[in-house]
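Please read the structure below before turning to the comments.
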């Protein structure tokens, strides 16, 4: 297994590959791959999908992937660290890194929202121009383009995951999910009574509506989403336990540990030590 790291928060690269399979790769960072031209297959975590011109693929940290090139391929690679995603002040998107990790459950091109195709093509052209013709303030412009790609990736992943849950999903459940994700750090706003009031539902109707649309109860969805965020903090950040306690509105470390043990059996510290060791293996 070949593992690659980056020595900066964001890095943009152009590559050409000709009939050269790349096997057993693993990165410690996020990577957006845009296929400028060519075709082949990409295997991510044992799921194989074809790629072609215009494909936009997101690899998350520690994904295992193999590339099989069938036709001469040109890629634009946008590499960025988990720390960059977490620390950047996104205007209206909380927990961006957890949303991006949703790509781990998807295969192949994530660019499914048709209006975004034109946007991505324009952004990629601008990034390529910056690589070939660097100018004044190029680094600042590049970061703006990269941030736009990250937001577009997050938007497509969000829509794909909800669409996968229920093909007849309407906009209201998307709004409810966005509300939950945006307020995941405030327990008072995650009460069923608060969510029902926000969207003009009765508590009983909200419960049955959400389960019908998403296939799970709203309480179960909130618990799982919060748990994934906490897992990512433990595995991919240097946050202290008391900082995680504060971030998610738990009363103290004992309260958080009790919440965590309901699904993991082990304590936060034990989970970080055991799983973290596996995540960092080369």
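Yes or no: segment 44-55 includes at least one residue that is buried (at least 20 other Cβ atoms within 10 Å of the Cβ), at pLDDT below 85, outside the structural domain of residue 237 (by TED's automatic domain parsing) and out of contact with any helix residue (DSSP H, G or I) (no Cβ under 7 Å at 6 or more places or on another chain). Within segment 44-55 (the criterion being buried (at least 20 other Cβ atoms within 10 Å of the Cβ), at pLDDT below 85, outside the structural domain of residue 237 (by TED's automatic domain parsing) and out of contact with any helix residue (DSSP H, G or I) (no Cβ under 7 Å at 6 or more places or on another chain)), the answer is yes, since at least one residue qualifies. Residue 139 satisfies every condition listed in (1) exposed (fewer than 15 other Cβ atoms within 10 Å of the Cβ); (2) not assigned by TED's automatic domain parsing to the domain that holds residue 30 except (2). Determine, yes or no, whether residue 77 is crowded, with 21+ Cβ neighbours inside 10 Å, outside the structural domain of residue 232 (by TED's automatic domain parsing) and under 20 Å from the mean Cα position of the chain (by Cα). When the stated conditions are applied, residue 77 does not pass them.
The values are calculated or read from the model by the stated rules, or taken from the named source; none is laboratory data. The structure displayed is predicted, hence computed values, not measured ones. Every residue, glycine as well, gets a Cβ built from its backbone with ideal geometry; the counts of neighbours run over all protein chains shown.
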